[in-house]
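Some notes on the structure that comes next.
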Amino acid sequence: MSASELRSNPDNFCYRHPDRQSFVLCQRCLRTICAECQTQMPVGVICPECLRDQQKSSGAPRPRRAPRILRAVRSDDSRPLVTYGIIGVTFFAFVVGLIPGAGAVVQSLLALYPPLLYPQFSGTFQPWRLFTVLFVHSGFWHVGLNMLALWMLGRSLEPMLGRGRFLWLYLLSGLGGSVAVVLFGFTSAVVGASGAIFGLFGALLVIGRHIGANITGIAVVLGINLVITFLPLLTSGLGGGGGVQISWQAHVGGLAVGALVGLIYARTRTIRRRKLQIWLLGATAAALIALLAVPLALY
Ligand SMILES: [Zn+2]
Ligand SMILES: [Zn+2]
């Protein structure tokens, strides 16, 4: 099927809002619904018609309005709260790092330096660095550009995937970037969310392709980012931090894992395949962790 055929396929548009492209299916009638039309149920999201049917058949009265604090995060709320949360935590870590004397401490505790993951090489075992590296940045431009990209990508991806799946995508992509650093840049010290952000790029490309969205724009922005990645002059200039480099390994690893996770999501959209989806995500995580054993054999 060509991209334009996919684009004109009504299955990829909300059945109640035919101008809105969407990836999410009602888990009861399996029609496509946009973020506004989704209601979170224990089995996944359902559409307004199915919600009405279900309430009628169960004879249950309409649920009372939730208290204000719950209403802020109610499930038909399509704001990308996970995206905002990650941005908040990342900026918090950056601001803490600006306190005189604290910057070096933050980096020394949270940055990724692969030998510190292995008692055999360093006498210490600090596995949290595989993930905490995502929240440390080496300068204003580094954190600013990464968070701008996260905001742009998260706004389209998070409502499409749902909060939980978006968070898994971010963390698995970040892990993929870190594992790539361990495998291909064992002695480099690395900071930054770039691996996870390249994962979002990869997932958006795969999912966009799958639902026939126009992905040319994403592909161009991704291409520019990859060029920047491989121009050492530019990357060290953007990093601005002595000794800590933005790493191409993290970018490529994150991109590959993000694309894989995007493919898993695209192929397991229905509730029948939910178990398969969880199983595949777990297998991806396990495979990445298993790859961490490679340096033990190499060095
Ligand atoms: Zn439905
Ligand atoms: Zn809709």
Range of Cα positions in region 81-298 per principal axis (Å), largest first | 50, 37, 30
In region 81-298, what percent of the accessible surface is made up of carbon and sulfur (1.4 Å probe, ligands and nucleic acids excluded)?
-> 75
SASA check, Thr216, accessible area w/ 1.4 Å probe, all protein chains in place, rounded to nearest 10 Å², comes out at 90
Could you compute the FRET efficiency for Val95 and Leu148, with r as their C-beta to C-beta distance and R0 at 22 Å, rounded to 0.05?
-> 0.85
Hey, what's the Kirkwood Rh for region 132-187 if you take every pair of different alpha carbons, in angstrom?
-> 12.6
Non-local residues with an amide H under 5 Å from the amide H of Val45, with H modelled 1.01 Å from N and Pro and chain starts lacking one, are Gln27
Put Glu36, Glu158 in order of accessible area, largest first, 1.4 Å probe: what do you get?
-> Glu36, Glu158
Relative packing of peptides 40-46, 123-129, 190-196, 177-183 - highest average C-beta neighbours within 10 Å first | 190-196, 177-183, 40-46, 123-129
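The values are calculated or read from the model by the stated rules, or taken from the named source; none is laboratory data. Everything numeric in this text was worked out from a predicted model, so none of it was measured. Cβ sites come from the backbone with ideal geometry, for glycine too, and all protein chains shown count toward neighbours. Just the protein is used for accessible areas: all its heavy atoms, side chains included, with ligands, DNA and RNA removed. Shrake-Rupley method; radii C 1.70, N 1.55, O 1.52, S 1.80 Å.
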